[in-house]
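Notes follow once the structure below has been shown.
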Amino acid sequence: MTAVRTVDVALIGLGNVNRNFLAILETKAARLRSDYGLAFRVVGVADSSGVALQPGGFDPGDLRRRKEQGAHVRDLAGYRAHETPAGLLAILACDLVLEASPVNLVDGEPGLSVVRTALGRGIPVVLANKGPLVLAYQELHALAAAHGAALGFSATVCGALPVINIGQRDLVAADVISLRGIFNSTTNFILGEMAAGRAYADALAEAQRRGIAETDPSLDVEGWDTANKLVIVANSFLGMKATLADVSVEGITRVTTEQLQTELASGNTIKLLAIAERQSETCKLRVAPTVLSREEFLGHCDSWEMGIEIHSDLYGRMYYKIWEREPLPTAAAMLRDAVNILRPRR
Ligand SMILES: NC(=O)c1ccc[n+]([C@@H]2O[C@H](COP(=O)([O-])OP(=O)(O)OC[C@H]3O[C@@H](n4cnc5c(N)ncnc54)[C@H](OP(=O)(O)O)[C@@H]3O)[C@@H](O)[C@H]2O)c1
């Protein structure tokens with residue numbers, strides 16, 4: 001029988017993603033014990049109201065339901081007034097941090113300090129939040145290496161589609177010649193609605209009505225979310241030390257319904273692509289609305305789908321896509337990273 005290791009976890013952010021992680025712990029606890037020898041125990045949590053710790057563990061179902069009913073961390077037993085998430089990580093005895101707070105491209109907070117503090121103590125971190133990597137990919141990886149702490153981030157690019165795993169694990173010794181991807185399903189949904197005849201403003205309003213676009217949709221529609229993911233890809237498996245300043249970014253705000261319909265009439269479409277093209281030692285990085293044939297792989301990657309095509313010198317042309325509408329697969333991608341980091345090596 002496999003010995004079961006109790007893994008004490010801190011959840012930073014208790015929104016869609018980490019609440020779905022809690023739901024997975026409710027439904028898959030027995031499976032995680034039997035197949036992977038892991039029993040996750042949530043000992044620290046943070047939301048916008050503050051932080052709480054519970055060394056004996058919060059009940060995952062109760063925590064999830066209370067958050068869904070509108071409770072805040074400040075309402076929980078174990079709430080620590082005036083403590084920040086990074087402050088919590090500086091004192092909490094835990095084995096893993098799952099960081100799923102909002103993207104902040106200005107100073108990376110609260111995620112950046114959380115990741116720095118945890119890695120600095122040798123505690124592994126799994127991210128859904130892209131912000132810390134976009135602002136400090138190289139620094140955080142150097143810190144992780146210096147302290148022997150793993151940093152998982154397969155959930156940061158295309159939700160559960162294992163783009164990062166494929167790039168880091170399955171392209172051994174390859175040079176990527178070019179890469180193109182649809183990395184943002186909100187803009188893909190909007191372009192799909194426009195292709196069906198809606199004006200841009202109506203399509204955006206529909207995305208907001210369905211809760212898939214933020215009230216401030218600029219990160220998505222101006223192309224920055226796609227650019228964030230391209231920066232992570234470039235650092236993780238294109239051999240670059242890229243930042244957002246290296247990416248030329250154009251979003252979808254100037255695409256018109258008329259342009260889309262003209263392209264459709266000739267068998268084409270317009271997609272917001274992340275593009276990397278090899279130029280000797282480096283790659284040219286850009287995000288731009290791009291005309292594609294409907295026959296191409298990405299040309300029929302529609303609505304809730306995200307996809308990537310990778311052309312490398314050794315592995316030919318690879319094509320991957322995912323259909324993902326809910327946050328559950330992203331939460332599962334965090335679980336995947338956590339298990340891959342923690343499970344005993346066979
Ligand atoms: N949703 C997806 O499918 C998806 C997919 C891939 C990546 N991501 C990334 O995953 C992260 C989380 O996404 P989400 O959909 O779960 O977001 P969300 O529903 O907006 O939840 C964000 C959580 O962070 C908390 N928070 C906000 N400010 C904080 C602060 N200063 N300190 C501590 N906690 C704070 C919020 O607190 P309150 O509960 O008090 O508001 C909330 O619990 C984001 O970075 C997102 O880009 C999401």
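No lab work stands behind these numbers, since they all come straight from the coordinates. Just so you know, these numbers come straight off a predicted model, no measurement behind them. Neighbour counts are summed over all protein chains in view; Cβ atoms, including those assigned to glycine, are modelled from backbone coordinates with ideal geometry.
Remarks
- Springs join every pair of Cα atoms under 10 Å in this Gaussian network model of the chain, and among Q261, Q138, Q69 the largest mean-square fluctuation is at Q69.
- Ordering S280, L179, A29 by the projection of their Cα atoms onto the charge dipole of the chain, which places +1 on the Cβ of Lys and Arg and -1 on the Cβ of Asp and Glu, puts A29 at the extreme positive end.
- Mean ellipticity per residue at 222 nm, deg cm²/dmol - from DSSP H runs of n ≥ 4 across the chain, formula -39500 (n - 2.57): -12000 deg cm²/dmol
- A simple spin-label model places pseudo-atoms 7 Å from Cα toward Cβ; at H141 and V4 they are separated by 3.7 nm.
- Basic side chains Lys and Arg get +1 at the Cβ, acidic Asp and Glu get -1 at the Cβ, and with that the dipole of the chain about its Cα centre reaches some 1140 debye.
- About the centre of its Cα atoms, region 163-323 shows a dipole size close to 220 debye [charges on the beta carbon of Lys, Arg (+1) and Asp, Glu (-1) only; nearest 20 debye].
- From phi via Karplus (6.51, -1.76, 1.60), per-residue ³J(HN,Hα) for region 139-148 in Hz, x at Gly/Pro: 4, 5, 5, 5, 5, 4, 5, 4, 10, x
- Relative contact order [Cα under 8 Å, 6+ residues apart], the chain, whole percent: 18 percent
- Set against the 2.2 N^0.38 Å expectation for a compact globular protein, region 1-145 has a Cα radius of gyration ratio of 1.02.
- Farthest toward the positive end of the dipole of the chain, out of G56, T290, S266, is the Cα of G56, where the dipole comes from beta carbon charges about the Cα centre.
- Rounded to the nearest 20 debye, the dipole size of region 64-139 about its Cα centre is 300 debye, using +1 on the Cβ of Lys and Arg and -1 on the Cβ of Asp and Glu.
- Globularity index of region 163-323, i.e. its alpha-carbon radius of gyration over 2.2 N^0.38 Å: 1.03
- Value of relative contact order over region 191-329, rounded to a whole percent, pairs C-alpha under 8 Å and six or more apart: 20 percent
- Contour excess over end-to-end distance, with Cα ends at Q208 and S293 and 0.36 nm allotted per residue: 27.8 nm
- Pair A196, R31: separation of 7 Å Cα→Cβ label points (nm): 3.2 nm
- Pairwise inverse Cα distances across the chain, averaged and inverted, put the Kirkwood hydrodynamic radius at 21.0 Å.
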